[in-house]
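Participant: This is the structure I have questions about; it appears just below.
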Amino acid sequence: MEKSIESRDNKELKAYLKDLVEDLDYEISSTLQKWRTKAGNWFWRGISVIGYPYIWTAVAILFSIFDLFHVAYVIMFSGLTSLITFPLKSHFRRKRPFKTYKDIIPLNRVKEKDFSFPSGHTYNATVTSVSLALCYGGIISLLLMVGLAILVAVSRIYLGVHYLSDVAVGFILGLIFAFVVFLFFPYILVLHNLTLN
């Protein structure tokens, strides 16, 4: 009897939390949409580009040209960890905001079958920028990179392609795996030395 009461209470709590998150997600998405301007649209589209993997690939190639393979390796390993977002998206299969709410209009094109949770752009921007800051910078560069990742997260909500909870989880996962890359940094330096020999 006690177990059934606990089970019912757990279900009610889960339902309550789910409703709370969904309400918050919608309110923030719809509020940011009301603040849209032409200049803002250009700005947030530009910020959003930082989350594309091909941008970081281009940066890695640039560092390789200048024989800074160790930096390129950090970017590459960070990028490889982004593969974790694909099974998560497939598992949760959360629809994009504009597919759930008719009043949310996307400013960016997304693949028709692409899912919303977690945000891949936010993850990519966070894991790569924070990894670089941890491996090569100090506290100021770390704060700047975290700020950059947060800007990318906001851009995805502003553009109407993600919810707050999507980008929050993408950001947290990005931080976690940035620390994993940082822990493996000594091995990346060994790989760099092997590359030069």
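Participant: In segment 118-148, what residues are part of a loop (DSSP other than H, G, I, E, B), over 8 Å from the mean Cα position of the chain (by Cα) and buried (at least 21 other Cβ atoms within 10 Å of the Cβ)?
Facilitator: Matches in segment 118-148: none.
Participant: Among the residues of segment 132-184, what is the count of those that are among the polar types (S, T, N, Q) and either within 25 Å of Lys99 (Cβ to Cβ) or touching a residue at least 60 places away in the same chain (Cβ under 8 Å) (or both)?
Facilitator: 2
Participant: Suppose we filter Ala39, Ala60 for residues that are within 17 Å of Ser129 (Cβ to Cβ) and in a helix (DSSP H, G or I); which single one remains?
Facilitator: Ala60
Participant: Against the definition (buried (at least 24 other Cβ atoms within 10 Å of the Cβ) and among the small types (Gly, Ala, Ser)), how does Gly174 come out, yes or no?
Facilitator: Yes; evaluated as a whole, the condition is true for this residue.
Participant: Can you tell me which residue within segment 156-171, out of those that are of a type in the set (Phe, Trp, Tyr) and part of a helix (DSSP H, G or I), is farthest from Thr81 (Cα to Cα)?
Facilitator: Restricting to residues being of a type in the set (Phe, Trp, Tyr) and part of a helix (DSSP H, G or I), the top hit is Tyr158.
Participant: Those residues that are assigned to a helix (DSSP H, G or I), over 18 Å from the mean Cα position of the chain (by Cα) and buried (at least 16 other Cβ atoms within 10 Å of the Cβ), I need them from segment 73-108; list them, please.
Facilitator: Listed by number, the residues that qualify are Tyr73, Phe98.
Any read-out appearing in this document is the output of simple, stated calculations on the displayed coordinates, not a laboratory observation. These figures come from a predicted structure and were not determined experimentally. With ideal geometry, Cβ positions are generated from the backbone for all residues, glycine too; neighbour counts draw on all protein chains shown.
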